[in-house]
1. Counting only heavy atoms of the protein chains, get the accessible area per residue of the range 15-88 (1.4 Å probe) and round it to a whole Å² value.
2. Report ³J(HN,Hα) in whole Hz for each residue of the range 59-68, in order, from the Karplus equation J = 6.51 cos²θ - 1.76 cosθ + 1.60 where θ = phi - 60°; Gly and Pro get x.
3. Run through all the Cα pairs of the range 5-78 and give the fraction in each 10 Å bin from 0, expressed as whole percent.
4. Subtracting the Cα-Cα distance from 0.36 nm times the residue separation, let me have the gained length for residue 79 to residue 9 in nm, one decimal.
5. Using per-residue counts of other Cβ atoms within 10 Å, averaged over each peptide, order 86-95, 61-70 from highest down.
6. On the full set of protein chains, 1.4 Å probe, figure out the accessible area of residue 54 and give it in Å² to the nearest 10.
7. Extension gain residue 36-residue 116, at 0.36 nm per residue separation less the Cα-Cα distance, in nm?
8. So, with +1 on the Cβ of K and R and -1 on the Cβ of D and E, and no other charges, what is the size of the charge dipole of the range 1-72 about its Cα centre, to the nearest 20 debye?
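The values are calculated or read from the model by the stated rules, or taken from the named source; none is laboratory data. Owing to the predicted nature of the structure, the values given are computational and were not obtained by experimental measurement. Every residue, glycine as well, gets a Cβ built from its backbone with ideal geometry; the counts of neighbours run over all protein chains shown. Surface areas here come from the heavy atoms of the whole protein model, side chains and all, with no ligands, DNA or RNA. Shrake-Rupley method; radii C 1.70, N 1.55, O 1.52, S 1.80 Å.
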Amino acid sequence: RLSPQRVQSALQRCLCDVGHVIQTMPQHTFNNMAEELASELRACDEEDVAGASTRVHSEVMRHRFDFKRHHRLAGLVTEFNGEHLLSFFSHFVAPDSPARAALATHIIGRCRDPPASS
């Protein structure tokens, strides 16, 4: 049975695992992942008209009006390195960080009919 304590414990273990992955990831792997993400961000201009229309509409609805945001983010991603990610993780996400805020978890269950009595 899932109790809040079990869920919290599982989240802590997951975050520790993510921290380990970040710490042990070779720099070339990180660079490849960052470049792939940057390429996907830059590819937004190459999408079909419907996709571009949806993206522009989303910017307007959110009152951002930053239509080149994907290009700006692509530039930031390529400047980022593994040390930056580890520093961010250690400060804001790691379970033992004093600056970390708790993660919220919402569990939605389905009610089951009790088994029929025989």
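1. Normalised by residue count, the accessible surface of the range 15-88 is 72 Å².
2. For the range 59-68, the Karplus curve yields 4, 5, 5, 8, 6, 8, 6, 10, 6, 9 Hz.
3. Here the calculated profile for the range 5-78 is 17, 29, 23, 27, 4.
4. The residue 79-residue 9 span can extend by a further 21.8 nm.
5. Top to bottom by mean Cβ count within 10 Å: 86-95, 61-70.
6. Roughly 90 Å² of residue 54 is accessible to a 1.4 Å probe.
7. Contour length minus Cα-Cα distance gives 23.4 nm.
8. Dipole about the Cα centre, nearest 20: 560 debye.
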